Amino acid sequence: MDLQAFKALTFDCYGTLIDWESGILAELRPWVAASGRKFTDDQILESFGESESALEMAAPSKLYPDILADTFRVLGKRWGIPASDAQAAGFGRSVPRWPAFSDSAAALHYLKRHYKLVILSNVDRASFAESNKKLQVAFDRIVTAQDVGSYKPDLRNFRQLLSAVEKLSIHKEQILHTAQSLFHDVAPAKSMGLKTCWINRRKGRAGGGATKAPTGDATPDIEFASMAAFVEAHREQAG
């Protein structure tokens, strides 16, 4: 794939640029351990992903901190672990504590010189604003679940993304949608006719972690194991 053929990179944030799995585990592991229950990290992440996605589908207009709080309560019932309202609310406010991947800021700084950068995220505006401080780049457009009133993989989110990018005078065929989640991003983006780049942050590890298995065609047009690898490929093509 000719990476220089595109004018805009549209990004998922959590899982792609922000290490949401590490962030989620940092919040949930101590709670699980204190209960005496013994789960592997992947068991925690998979249970989180199933519960979170179901809640997003059931209440698409609910803000993400409330989705997270409800997810905490559902996990407590599922695992038989007490979950107070204060604990649930604390987990709901945890997004700003989730770390960026070590290569994200530098990669975005480089790519900003070559593309318009646009975010399509399944969080609320306030949570993303805090995460954006770690990414250290000014995105050209930001579309959140709060703006749309639904959560990916709902195609309404991608339609609003395309509308936002069109205002930059960039057409669909000039967009490369770049994301870690095959379920939330690659499959729905492909169904909308977008070219897709899979940042396979879990390369070499079994399972989908905090993301459900995709439905439909989730074969990406190109794949990299990291944002640093994406940048290296761009540099090589640019000579």
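Each value in this text was obtained by applying a stated rule to the coordinates, not by laboratory testing. Computed from a predicted structure; not experimentally measured. Reconstructed Cβ throughout: ideal geometry from the backbone, glycine too, with neighbour counts over all protein chains shown.
Just to be sure I understand, how many residues within the stretch 39-78 are without any contact (Cβ under 8 Å) to a residue 12 or more places away in the chain and touching a Ser or Thr at 6+ places or on another chain (Cβ under 8 Å)?
So the answer is 0.
Does Lys116 qualify as being surrounded by fewer than 19 Cβ atoms within 10 Å (Cβ to Cβ) and touching a helix residue (DSSP H, G or I) at 6+ places or on another chain (Cβ under 8 Å)? Let's see the steps before the verdict.
Working: surrounded by fewer than 19 Cβ atoms within 10 Å (Cβ to Cβ): no; touching a helix residue (DSSP H, G or I) at 6+ places or on another chain (Cβ under 8 Å): yes.
Here the answer is no, as Lys116 does not meet what is asked.
Check Arg113 against each of (1) over 21 Å from Pro60 (Cβ atoms); (2) not in a loop (DSSP other than H, G, I, E, B) and name the one condition it does not meet.
Going through (1) over 21 Å from Pro60 (Cβ atoms); (2) not in a loop (DSSP other than H, G, I, E, B) one by one, Arg113 breaks only (2).
Any residue in the stretch 25-38 that is farther than 13 Å from Pro82 by Cα sitting within a Cβ distance under 6 Å of a residue that is assigned to a loop (DSSP other than H, G, I, E, B) and of a type outside the set (Lys, Arg)? List the pairs, counting only those 6 or more apart or interchain.
Glu27/Ser94
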